[in-house]
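Everything on this sheet refers to the single structure shown next.
The values are calculated or read from the model by the stated rules, or taken from the named source; none is laboratory data. The shown structure was predicted, so the numbers you read here are calculated from the model rather than taken from an experiment. Neighbour counts run over all protein chains shown; Cβ positions are idealised from the backbone, glycine included.
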Amino acid sequence: MDDITEWFLGIPSVIVALSGGVDSALVAYAAHNCPDTKAMAVTADYMTLAADELQSAKDVAEQIGIKHQIIRYSELNDERFTRNGQDRCYHCRTQMGRRLQVLSRRLGYAVIVDGTNADDISDYRPGMRATAEYDIRSPLLELGMKKPQIRAQALRVGLDVYDRPSNSCLASRIPWGRRITAQMLARIEVAEKYVRGIAPTGPVRVRDMGGTARIEVSKDYIRQIHKSMGSLNKSLRLLGFNNIMVQEYVMGGANTNDIHG
């Protein structure tokens, strides 16, 4: 039995906040395969979750065989979230934490866990304060597991998402201080689908800078993006972007810190 599965020993029942990425997928796998632990995965289908992320969560749950429940709500109903201050993630996670706590108490689950890992503490993560306030635990973080180790273990146990690129919510594409709207989120999601057609692997971000779309992809696709600029520019203009910038995506680098995700 590996460390992540052993972590669940003695826990009678657990809800796993399943996002569709490799981190929470590995946590869900371990919880489901721990003897004497009843596990259920819960995915929040909210406005800032891209459709392909929701589908990934469904696929992960099906592959693992874990019970899966989807809860739907709109974080856009919270003014503290839509004003998009530097505490935006805190208010988002507060909404989720509250709902997970209510669900766990109603269904009789003892513990709630998520996929936060040891790499996450090196970045600005105001949402982690909310998870602590709602007693949501993070097995990967507690075990000191970082992304390379997580991917390797996910590959070893056969999870299809072992190499899925890390992602963040659609609101993270919008600079702090700009009010978040459903229309903005929708055009970001569509724009990223266009870019994903050119850069099918690795990270893809389309930062909404007002009239400018700042495209970030891995360096392997920079040249291809520039070669496809004609058709890409036409597609993005239909979404309201009059200008396009292209640069390499660097996780945690300066190009993301000024946006925040």
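Any residue in the range 60-81 that is in contact with a strand residue (DSSP E or B) (Cβ under 8 Å, 6 or more places away or on another chain), acidic (Asp, Glu) and under 22 Å from Glu192 (Cβ atoms)? No, the conditions are met nowhere in the range 60-81. Of all residues in the range 123-137, those that are touching a strand residue (DSSP E or B) at 6+ places or on another chain (Cβ under 6 Å) and crowded, with 20+ Cβ neighbours inside 10 Å total 1. Against the conditions (1) hydrophobic (A, V, I, L, M, F, W, C); (2) buried (at least 16 other Cβ atoms within 10 Å of the Cβ); (3) free of Cβ contacts under 8 Å to residues at least 40 places away in the same chain, Leu140 satisfies every one except (3). Surrounded by fewer than 20 Cβ atoms within 10 Å (Cβ to Cβ) and in contact (Cβ under 8 Å) with a residue 12 or more places away in the chain: is that true of Gln183 in this structure? Here the answer is no, as Gln183 does not meet what is asked. Condition first: surrounded by fewer than 16 Cβ atoms within 10 Å (Cβ to Cβ), aromatic (Phe, Trp, Tyr) and either over 18 Å from Asn167 (Cα atoms) or in contact (Cβ under 8 Å) with a residue 40 or more places away in the chain (or both). Can you find one or more residues in the range 103-119 that meet it? Scanning the range 103-119 turns up no residue that is surrounded by fewer than 16 Cβ atoms within 10 Å (Cβ to Cβ), aromatic (Phe, Trp, Tyr) and either over 18 Å from Asn167 (Cα atoms) or in contact (Cβ under 8 Å) with a residue 40 or more places away in the chain (or both). Taking first residues from the range 201-213 that are outside the structural domain of Glu189 (by TED's automatic domain parsing) and within 8 Å of Phe241 (Cβ to Cβ) and partners that are modelled with pLDDT under 90 and loosely packed, with under 14 Cβ neighbours inside 10 Å, no Cβ contact under 6 Å between residues at least 6 apart in sequence or on separate chains turns up.
The residue that is farthest from Gly65 (Cα to Cα), among those in the range 149-161 that are within 17 Å of the chain's Cα centre (by Cα) and surrounded by fewer than 20 Cβ atoms within 10 Å (Cβ to Cβ), is Arg151. Could you list all residues from the range 42-75 that are buried (at least 24 other Cβ atoms within 10 Å of the Cβ), under 15 Å from the mean Cα position of the chain (by Cα) and without any contact (Cβ under 8 Å) to a residue 60 or more places away in the chain? Answer for the range 42-75, where residues must be buried (at least 24 other Cβ atoms within 10 Å of the Cβ), under 15 Å from the mean Cα position of the chain (by Cα) and without any contact (Cβ under 8 Å) to a residue 60 or more places away in the chain: Thr43, Ala57.
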